[in-house]
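Participant: Got a structure for you, written out below as structure tokens; questions coming shortly.
What follows is calculated from the coordinates using simple rules that are stated; it is not laboratory data. If you're wondering where the values come from, they're calculated on a predicted model, not measured in any experiment. Here Cβ is always computed from backbone atoms with ideal geometry, including for glycine, and neighbour counts include all displayed protein chains.
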Amino acid sequence: MTGRLRSTTATGKAKKVSAKTSRSKKKTPTLSRGASTLFIIIALVGGLQALLMIGIEANRWLRSQREISRLEADIRGLKQEAAELEAIIAHKDDAQYREQLARLQGFVYPDENLFVTSPRR
């Protein structure tokens, strides 16, 4: 009984089955010319879309880097302004310093006269 298998049918009768037919070779499926062309087109479109997405993300990254640089410059300017304001606060009790700030803003004492001159051309 080598090479032969037995199986039973619905009626209960034994039937001989060849081992060769139960292990039949499967053919590898091949694509038709139209299907392979369609596959290539879809692959090319997918590749182009991937390249487009990489370009978009690179552009987004560059814009964010420029924005980060701009914001860091703003932070440096604000820190400098905060340091200047801290210097003003440090002299808050100094009458001469307050008078100097007032004069820089154009204030004068009531008994003083303010002369405004225009630059010569």
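Each row is one residue, and each column tells you yes or no for (1) under 50 Å from the mean Cα position of the chain (by Cα); (2) part of a helix (DSSP H, G or I).
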{"residue": "L31", "(1), (2)": "yes, no"}
{"residue": "I56", "(1), (2)": "yes, yes"}
{"residue": "L71", "(1), (2)": "yes, yes"}
{"residue": "I88", "(1), (2)": "yes, yes"}
{"residue": "A102", "(1), (2)": "yes, yes"}
{"residue": "S118", "(1), (2)": "no, no"}
{"residue": "R121", "(1), (2)": "no, no"}
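Participant: Tally up the residues in segment 90-100 that are of a type in the set (S, T, N, Q) and within 51 Å of the chain's Cα centre (by Cα), please.
Facilitator: Going through segment 90-100, the residues of a type in the set (S, T, N, Q) turn out to be 96, 100.
After this cut, where a residue has to be within 51 Å of the chain's Cα centre (by Cα) as well, the list is 100.
Residues meeting the conditions: 1.
Participant: Just to be sure, is L52 surrounded by 10 or more Cβ atoms within 10 Å (Cβ to Cβ), under 31 Å from the mean Cα position of the chain (by Cα) and without any contact (Cβ under 8 Å) to a residue 40 or more places away in the chain?
Facilitator: So L52 passes the test.
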